[in-house]
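The values are calculated or read from the model by the stated rules, or taken from the named source; none is laboratory data. Just so we're clear, the structure is a prediction, and the values are computed from it rather than from any experiment. Using ideal geometry, Cβ is built from the backbone for each residue, glycine included, and neighbour counts are taken over all protein chains shown.
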Amino acid sequence: MHSSLIGQVEKANRYARELDRVSFDEFSLTFRGDNDTHTVTLHAGQWRCTCHYFGSWGSCVHLLAIHKILGPMVPEEPPIESSYELQAVTA
């Protein structure tokens with residue numbers, strides 16, 4: 001193997017360990033839950049999930065799992081009460 005390629009592999013391995021180097025700005029993924037399959041998206045700093053719980057509470061188990069998997073690479077999760085309480089306050 002060429003020495004320059006070895007250096008590139010070593011650098012890639014170091015980058016892979018330093019998760020704070022990577023941040024997702026937007027993405028979409030499919031989450032196969034126990035009861036149904038949902039789409040989780042991140043767009044312009046806003047999270048969305050197609051599950052019913054997210055629609056009421058602004059967060060859900062799918063989003064919390066994504067944060068456990070991707071950790072510091074994704075923006076902070078919204079508070080569980082965000083959208084539901086905001087709807088109640090502004091109504």
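Go through the range 21-59 residue by residue and tally those that are in a helix (DSSP H, G or I) and of a type in the set (A, V, I, L, M, F, W, C).
Looking only at that region, the number is 2.
Considering only residues that are in a helix (DSSP H, G or I) and not hydrophobic (A, V, I, L, M, F, W, C), which ones fall in the range 5-20?
GLY7, GLN8, GLU10, LYS11, ASN13, ARG14, TYR15, ARG17, ASP20
Name the one entry in GLU26, GLU77 that is surrounded by 14 or more Cβ atoms within 10 Å (Cβ to Cβ) and at pLDDT below 90.
It is GLU77.
Among the listed residues HIS52, HIS43, HIS67, HIS38, identify the single one that is of a type outside the set (A, V, I, L, M, F, W, C) and in contact with a strand residue (DSSP E or B) (Cβ under 6 Å, 6 or more places away or on another chain).
That would be HIS38, the only listed residue that is of a type outside the set (A, V, I, L, M, F, W, C) and in contact with a strand residue (DSSP E or B) (Cβ under 6 Å, 6 or more places away or on another chain).
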